[in-house]
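Below you'll find the structure, written out as structure tokens, and then a few comments.
The values are calculated or read from the model by the stated rules, or taken from the named source; none is laboratory data. From a predicted model like this one, the values you see are computed outputs, not experimental measurements. Ideal geometry is used to build each Cβ from the backbone, glycine not excepted, and the neighbour counts take in all protein chains shown.
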Amino acid sequence: MPVGLPEFVENPENRCPVILLLDTSTSMAGQPIQELSRGVGVFKEDVQRDTKASLSVEVAIVTFGPVQLLQDFVTIDQFTPPVLEANGYTPMGEAIEYAIDLLEGRKEVYKANGIQYYRPWIFMITDGAPTDSWHNAAQRVRLGEADRKFCFFAVGVEGADMATLSKIAPPERPPAKLNGLDFQTLFVWLSTSMKRVSSGKVGEAIALPPVGWAEISS
């Protein structure tokens, strides 16, 4: 890897990487996928209002059903929100492992270019249950969290298998259930969180804003 890639020479800010791990299986067709696409657009707009965050926050999008890299890591100012399409099954286990591997690769690029980075986020949104084996993925999530390699968030949309998500998500951060299709509030929360992270010091603990987009489990 050559030292001093142009993107880091032009913008040497500390990076704040986030992977949006989005379920685009057939069950998301119609209004859910439209609202999800709209939410991703809101995320870009909101982060971009903060000059520091727009240079620090890097977003990648991995969709599953089938697993594909829809957007490799770019800073928000370079990011064009894609139009999401619903298709296929829900290979959640494969998608999570792909995202973790993608993140590890990005960290190597940062290190090779002398760029510091905040603890990355993997932010998964799903409305279903895995259609593949997910136990290895769950183990990697828990190990990664324990080693502080990343923060993993799981959000269940109406119809999601919350019991399985609870086995995948780290115990200290159980899955949240989205209020209806309120993706816009969710992505404003994510944006606000990213702004807080990117304005702090690398390695510093940050208080996240209150979650106003999730149903409270009784």
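Where residues in the range 172-188 are part of a loop (DSSP other than H, G, I, E, B), charged (D, E, K, R) and over 15 Å from the mean Cα position of the chain (by Cα), which of them is surrounded by the most Cβ atoms within 10 Å (Cβ to Cβ)?
Selected residue: 182.
Within the group 154, 163, which residue is over 14 Å from residue 23 (Cβ atoms) and at pLDDT 95 or above? Steps first, answer last, please.
On the way: 154 fails: over 14 Å from residue 23 (Cβ atoms).
Being over 14 Å from residue 23 (Cβ atoms) and at pLDDT 95 or above holds for just one of 154, 163, which is 163.
Applying the selection to the range 65-80, what residues are without any contact (Cβ under 8 Å) to a residue 60 or more places away in the chain and touching an Asp or Glu at 6+ places or on another chain (Cβ under 9 Å)?
Going residue by residue through the range 65-80, those that are without any contact (Cβ under 8 Å) to a residue 60 or more places away in the chain are 65-74, 76-80.
65, 66, 67, 73, 74, 76, 78, 79, listed by residue number.
So which residues in the range 113-141 are part of a helix (DSSP H, G or I) and either touching a residue at least 60 places away in the same chain (Cβ under 8 Å) or buried (at least 16 other Cβ atoms within 10 Å of the Cβ) (or both), if there are any at all? Outline the logic, then answer.
Of the residues in the range 113-141, the ones part of a helix (DSSP H, G or I) are 135-141.
If the condition is that a residue be part of a helix (DSSP H, G or I) and either touching a residue at least 60 places away in the same chain (Cβ under 8 Å) or buried (at least 16 other Cβ atoms within 10 Å of the Cβ) (or both), then 137, 138, 140, 141 are the ones that fit.
Being in a helix (DSSP H, G or I) and at pLDDT 95 or above, is that true of even one residue in the range 74-82?
Initially, the range 74-82 is screened for residues in a helix (DSSP H, G or I), giving 76-78.
Applying the additional criterion that residues be at pLDDT 95 or above yields none.
Among the residues of the range 74-82, not one is in a helix (DSSP H, G or I) and at pLDDT 95 or above, which makes the answer no.
Among the residues of the range 20-35, is any in contact with a helix residue (DSSP H, G or I) (Cβ under 8 Å, 6 or more places away or on another chain) and surrounded by fewer than 23 Cβ atoms within 10 Å (Cβ to Cβ)?
Looking only at the range 20-35, we keep the residues that are in contact with a helix residue (DSSP H, G or I) (Cβ under 8 Å, 6 or more places away or on another chain), and these are 20-24, 28, 35.
If we keep only those that are surrounded by fewer than 23 Cβ atoms within 10 Å (Cβ to Cβ) too, we end up with 35.
Taking every residue of the range 20-35 in turn, at least one turns out to be in contact with a helix residue (DSSP H, G or I) (Cβ under 8 Å, 6 or more places away or on another chain) and surrounded by fewer than 23 Cβ atoms within 10 Å (Cβ to Cβ).
Identify the residue in the range 75-111 that is closer than 20 Å to residue 13 by Cβ and aromatic (Phe, Trp, Tyr) and, among all such residues, is surrounded by the fewest Cβ atoms within 10 Å (Cβ to Cβ).
This residue is 110.
Across the range 53-63, what is the number of residues that are in contact with an Asp or Glu (Cβ under 6 Å, 6 or more places away or on another chain) and surrounded by 23 or more Cβ atoms within 10 Å (Cβ to Cβ)?
The total comes to 1.
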